[in-house]
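Report on the following structure.
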Amino acid sequence: TYVVIENCIACKYTDCVEVCPVDCFYEGENMLVIHPDECIDCGVCEPECPADAIRPDTEPDMEKWVEFNRKYSESWPVILAKKDPLPNYEERDGEDGKMEKYFS
Ligand code: SF4
Ligand code: F3S
């Protein structure tokens, strides 16, 4: 599976949604996640993310992100169309400590 990681938080560009052939992105207030059981590993979303926030779970230390994506994809609604990014997405792209600010 592919997963959405920290830098999506507070940016949420949503370019990824446009290219996913199986509509497996789910939308929270501040970020998106991928449902790991629905993702078919096609990889087309990874280069589309301007925030470089999508990764294959074959990279090191991705277990926590798979669990995070699984957890929230089961409670957030599916997102099917691109929308405007969050306010200040440019300034916040690359900011440190987003997880602590939003998910602790
Ligand atoms: Fe969708 Fe493919 Fe990205 Fe998985 S890897 S989320 S199936 S676009
Ligand atoms: Fe997030 Fe990147 Fe998609 S910032 S909403 S994973 S395009």
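So ASN69 ticks every box in (1) over 11 Å from the mean Cα position of the chain (by Cα); (2) touching a residue at least 12 places away in the same chain (Cβ under 8 Å); (3) within 12 Å of ligand 2 (Cβ to nearest atom) but one. Which box is left unticked?
(1)
Between LYS83, LYS12, which is within 13 Å of ligand 2 (Cβ to nearest atom), of a type in the set (Lys, Arg) and within 13 Å of the chain's Cα centre (by Cα)?
None of the others qualify; the one that does is LYS12.
Can you tell me which of ILE54, ILE34, ILE40 is over 22 Å from GLU90 (Cα atoms), at pLDDT 95 or above and within 12 Å of ligand 2 (Cβ to nearest atom)? Even if it seems obvious, please write down each step before you answer.
Values: ILE54 fails: over 22 Å from GLU90 (Cα atoms); ILE40 fails: within 12 Å of ligand 2 (Cβ to nearest atom).
Going through ILE54, ILE34, ILE40 in turn, the sole match is ILE34.
Name the residues in the stretch 1-31 that are among the aliphatic types (A, V, I, L, M) and in contact with a strand residue (DSSP E or B) (Cβ under 7 Å, 6 or more places away or on another chain), would you? Steps first, please.
Narrowing the stretch 1-31 to residues among the aliphatic types (A, V, I, L, M): 3-5, 9-10, 17, 19, 22, 31.
VAL3, VAL4, ILE5, VAL17, MET31, listed by residue number.
Mind listing just one residue for me: the one in the stretch 62-104 that is open to solvent by 40 Å² or more (accessible area, probe 1.4 Å) and aromatic (Phe, Trp, Tyr) and, of those, nearest to ALA51 (Cα to Cα)?
Looking at residues that are open to solvent by 40 Å² or more (accessible area, probe 1.4 Å) and aromatic (Phe, Trp, Tyr), I get TYR89.
The values are calculated or read from the model by the stated rules, or taken from the named source; none is laboratory data. Because the structure is a prediction, the values reported are computed rather than measured. Every residue, glycine among them, receives a Cβ derived from its backbone with ideal geometry; neighbour counts consider all protein chains shown. These accessible areas exclude ligands, DNA and RNA; they are computed on the full protein's heavy atoms, side chains included. Shrake-Rupley method; radii C 1.70, N 1.55, O 1.52, S 1.80 Å.
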